[in-house]
Amino acid sequence: MPNWYTHRDILKDALGIPATSTGAHVQLDAVIEGVARQFDRHVGFGFFPSSQTRHYTPWESMHL
């Protein structure tokens, strides 16, 4: 399953495309994928499982 943030059927409903229509699936999938990746770039990471090791540096730290 692709790492999308919505489902094709939700987009079809929002656009008024009948649920049984399959003619635009390739185009809709491309739009959903493109928007999802643009969102990932905007926030700087993706919201999906990953097995890589990541290192984070805090912007600031406060010790009490």
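Ranked highest first by the average count of other Cβ atoms within 10 Å around their residues, in what order do 18-28, 42-52 fall?
Numbers: 18-28: 10.5, 42-52: 8.3.
Ranked from most to least packed, the peptides come out as 18-28, 42-52.
Once divided by 2.2 N^0.38 Å, the Cα radius of gyration of the chain becomes 1.64.
Accessible area per residue was computed with a 1.4 Å probe on protein heavy atoms; residue 37 scores about 50 Å².
Using helices alone, what [θ] at 222 nm do you get for the chain, with -39,500 (n - 2.57) per DSSP H run of 4 or more residues, divided over all residues and rounded to the nearest 500? Can you show the working numbers first?
Numbers: 2 runs with 27 residues, N = 64.
Computed ellipticity for the chain at 222 nm equals -13500 deg cm²/dmol.
A Förster radius of 25 Å, combined with the Cβ-Cβ distance separating residue 39 from residue 60, puts the computed FRET efficiency at roughly 0.40. Note on residue 10 and residue 51: their simple-model spin labels are 2.8 nm apart, each label 7 Å out from Cα toward Cβ.
The values are calculated or read from the model by the stated rules, or taken from the named source; none is laboratory data. It should be emphasised that the depicted structure is a prediction, and the values quoted were computed from it without experimental measurement. Note that each Cβ is placed from the backbone with ideal geometry, even for glycine, and that neighbours are counted across all protein chains shown. Please note that ligands, DNA and RNA were not included when accessible areas were found on the heavy atoms of the full protein model with its side chains. Shrake-Rupley method; radii C 1.70, N 1.55, O 1.52, S 1.80 Å.
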